[in-house]
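Below is one structure, written out as structure tokens; the observations come after it.
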Amino acid sequence: MSSTIPPQSHRKALIGSPSNFWAYSSESGFDLTHPSTPSIPSSGPKHTIQTTTEPITIDPSKSALVVIDMQNFFLSEAFGRGKGAGHAACENLVKYAVPAARKAGIRVVWLNWGLTDEEVKDMPPAVKRAFGFFAIPAESEFKGGAEAFGEHEGSVSVDRHGEENETMYRGIGADCGKLTFPDGRTVQGGGLLMRGAWNSALYPPLDAMFEQGAKIREKPDVWIHKNRMSGMWGATTPLKEFLDKEGIRTLFFTGVNTDQCVGGTLTDAFSNGYDCVLLGDGCGTTTPEYAQQCWEYNASRTFGFCTGCEEFAKGVGGT
């Protein structure tokens, strides 16, 4: 006995509110162009990108490629970083995502750790612990006042679990000292994740790409500092202020680490009402592979969408 499945009816929907909405069509996917009203389409160019679940249509003038923490501290061989997922992401950004975004008129935002002395002083303990800290012998006394929280004579570097270590995790703001590359070259690493320090600079060749992009006459690349794993935490941040000023609603997330700073910024952006798209092969993590898989899964099924750098480039006309 044969059975037939009736064809699915074509459906459409408006999702959100009058001030922030998507249009949906069962034939063409999700429209993320954010026109002023549902009855008046957005003017100007539009691009359709195939994601792992369904196509999305975006307005490049309201979109940004956000590159997170692709800095020397997280990627350089001088810190003992072997080739891994972050370096593969770097290659995909250089080959596909960044050139395609610029060609399409999508703003490129370099979001990086870049701390001031005051920010280090006010950093909460949970964030400081993640990067190691200094401990003193139990019989020693802490200094008085705010100096009790700084480095002491005789203090030793310990990791996030309190174990003595000789790694680069010596505490936020701590001097990384002289670092040696495998070929024997040396460099002064500077204060960990501090503004202007070598360890906080972009990893080559992304540093050269930023310098090039910053000189673009219209819609140049921008560098934005953050002082937490998320660049969108709290009531407002420099990133949120920039996006709102520029009228940007759709964010394509890349960088390291997927399950930490990238994911933290993405989920905060999601809660703040931005459109979130993860470029899976444009980000990486040192955490076991299941963490990357989990974030790609949730990005496509809960927080927004997931696609790849080459697919992104094809969709916006970059290849």
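The values are calculated or read from the model by the stated rules, or taken from the named source; none is laboratory data. These numbers were taken from a predicted model, which means no experiment stands behind them. Reconstructed Cβ throughout: ideal geometry from the backbone, glycine too, with neighbour counts over all protein chains shown. Just so you know, the surface numbers come from the protein's heavy atoms only, side chains and all, with ligands and any DNA or RNA stripped out. Shrake-Rupley method; radii C 1.70, N 1.55, O 1.52, S 1.80 Å.
Pairs under 9 Å by beta carbon, first residue free of Cβ contacts under 8 Å to residues at least 24 places away in the same chain in the stretch 202-217, partner open to solvent by less than 30 Å² (accessible area, probe 1.4 Å) and of a type in the set (Ser, Thr, Tyr), six or more apart or different chains?
Listed pairs, sorted by first residue: Pro204/Ser76.
Would you pick out the residues in the stretch 80-90 that are out of contact with any helix residue (DSSP H, G or I) (no Cβ under 6 Å at 6 or more places or on another chain) and in a helix (DSSP H, G or I)?
Hits for the stretch 80-90 are Ala85, His87, Ala88, Ala89, Cys90.
Within the set of pairs 6+ apart or on separate chains, which have a first residue in the stretch 21-44 that is under 16 Å from Arg249 (Cα atoms) and at pLDDT 90 or above, a second that is open to solvent by less than 70 Å² (accessible area, probe 1.4 Å) and not in a strand (DSSP E or B), and C-beta atoms under 6 Å apart?
Trp22/Leu32; Thr33/Ser42; Thr33/Asp59; His34/Lys62; His34/Arg249; Pro35/Ser42
Go through (1) closer than 23 Å to Ala291 by Cβ; (2) surrounded by fewer than 20 Cβ atoms within 10 Å (Cβ to Cβ) and name the single condition Thr258 misses.
The one condition Thr258 does not meet is (2).
Identify, from the list Gly154, Gly145, Gly162, the residue that is over 27 Å from the mean Cα position of the chain (by Cα), outside the structural domain of Asp69 (by the TED database) and without any contact (Cβ under 8 Å) to a residue 12 or more places away in the chain.
Among Gly154, Gly145, Gly162, only Gly145 is over 27 Å from the mean Cα position of the chain (by Cα), outside the structural domain of Asp69 (by the TED database) and without any contact (Cβ under 8 Å) to a residue 12 or more places away in the chain.
Among the residues of the stretch 220-235, is any on the phi < 0 side of the Ramachandran plot and at pLDDT below 95?
Within the stretch 220-235, one or more residues are on the phi < 0 side of the Ramachandran plot and at pLDDT below 95.
Against the definition (more than 29 Å from the chain's Cα centre (by Cα), loosely packed, with under 15 Cβ neighbours inside 10 Å and free of Cβ contacts under 8 Å to residues at least 12 places away in the same chain), how does Pro7 come out, yes or no?
Yes.
Give the residue that is farthest from the chain's Cα centre (by Cα), with candidates limited to residues of the stretch 275-319 that are assigned to a helix (DSSP H, G or I) and crowded, with 24+ Cβ neighbours inside 10 Å.
Checking each candidate, the answer is Phe312.
Condition first: over 23 Å from the mean Cα position of the chain (by Cα) and in a strand (DSSP E or B). Now tell me which residues in the stretch 21-66 satisfy that.
Answer for the stretch 21-66, where residues must be over 23 Å from the mean Cα position of the chain (by Cα) and in a strand (DSSP E or B): Phe21, Trp22, Ala23, Tyr24, Ser25, Gly29, Phe30, Asp31, Thr37, Ile40.
Considering only residues that are open to solvent by 60 Å² or more (accessible area, probe 1.4 Å), charged (D, E, K, R) and touching a residue at least 40 places away in the same chain (Cβ under 8 Å), which ones fall in the stretch 219-251?
Those that are open to solvent by 60 Å² or more (accessible area, probe 1.4 Å), charged (D, E, K, R) and touching a residue at least 40 places away in the same chain (Cβ under 8 Å): Lys219, Glu246.
Any idea which of Met209, Met123 is out of contact with any Cys (no Cβ under 8 Å at 6 or more places or on another chain), among the hydrophobic types (A, V, I, L, M, F, W, C), at negative phi and not assigned by the TED database to the domain that holds Asp69?
That would be Met123, the only listed residue that is out of contact with any Cys (no Cβ under 8 Å at 6 or more places or on another chain), among the hydrophobic types (A, V, I, L, M, F, W, C), at negative phi and not assigned by the TED database to the domain that holds Asp69.
I need every pair where a residue in the stretch 277-296 that is at positive phi and at pLDDT 95 or above has its Cβ under 9 Å from the Cβ of a residue that is open to solvent by 30 Å² or more (accessible area, probe 1.4 Å) and among the aromatic types (Phe, Trp, Tyr), sequence separation at least 6 or different chains.
That search, which allows pairs on different chains as well, returns nothing.
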